[in-house]
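Okay, structure first, notes after.
The values are calculated or read from the model by the stated rules, or taken from the named source; none is laboratory data. None of these values were measured; they are calculated from a predicted model. Cβ: placed from backbone, ideal geometry, glycine included. Neighbour counts: every protein chain shown.
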Amino acid sequence: MRLLIMGPQGVGKGTQAALLSEHYGIPAISTGDIFRYNIKNKTELGVEALKYIDKGELVPDELTNKIVKDRLAMDDAKNGWILDGYPRNASQVEALDAILGELDTPLDAVVALDADHDVLMERMKKRAEIEGRSDDTPEAIAKRLDVYAKETAPLLDIYQKRGLLKTFNGVGAVDEIQATIVAELG
């Protein structure tokens, strides 16, 4: 099973990716986690990425595409994966199509989660308090939600036209959301 999990920040993509990863026995690959690891360990990529993240901006495509390609080629991803946080724009859809073509691994489905803007803001405010994340200031959150609406949300139409999109409500009991997703994916 090769899945994309998409939706605005705070909708529960990471939570559902982890549950689906466990259910299907495939890795959940979060570009955000990869960047946070590099930032924590002060790698060259981490230092560069932090410049963008602290301003509420997204890491440039070139860096992100390379990380994703390398990660999807790893042995633990041979039988499938769940990709969280990528693609986020039309250029990355093209890059992912090329990567999947090179790896001869077609995409099975796109799981899209959705929630009201106010719910997302409240969830991310709580996450910032719990995790102490520097990228979850109200200004940074608002900017990322705006970027998502302008750049990433339109990608759902691409996957809808390809017959791959499955949309779910991201509000409710976590286990019920997961059960609904699994039932729909089969």
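On the stretch given as segment 41-60, residues that are under 14 Å from the mean Cα position of the chain (by Cα) and without any contact (Cβ under 8 Å) to a residue 40 or more places away in the chain total 1. Out of the residues in segment 137-170 meeting the condition of being in a loop (DSSP other than H, G, I, E, B) and of a type in the set (A, V, I, L, M, F, W, C), tell me which one is nearest to residue 184 (Cα to Cα). Ranking the candidates gives 164 first.
Among the residues examined, residue 24 qualifies as closer than 29 Å to residue 106 by Cβ, at pLDDT 95 or above and hydroxyl-bearing (Ser, Thr, Tyr). Scanning for something hydrophobic (A, V, I, L, M, F, W, C), under 15 Å from residue 12 (Cα atoms), assigned to a helix (DSSP H, G or I) and at pLDDT below 95, does segment 92-109 turn up at least one residue? No; the residues of segment 92-109 include none that is hydrophobic (A, V, I, L, M, F, W, C), under 15 Å from residue 12 (Cα atoms), assigned to a helix (DSSP H, G or I) and at pLDDT below 95. Scanning segment 78-107 for residues that are in contact (Cβ under 8 Å) with a residue 60 or more places away in the chain and touching a Gly at 6+ places or on another chain (Cβ under 9 Å) returns 80, 84, 85, 105.
Applying the set (1) loosely packed, with under 15 Cβ neighbours inside 10 Å; (2) under 26 Å from residue 181 (Cα atoms); (3) in contact (Cβ under 8 Å) with a residue 60 or more places away in the chain to residue 116 leaves exactly one unmet item: (3). Against the numbered list (1) within 26 Å of residue 149 (Cβ to Cβ); (2) surrounded by fewer than 16 Cβ atoms within 10 Å (Cβ to Cβ); (3) of a type in the set (Lys, Arg), residue 123 comes up short only at (2).
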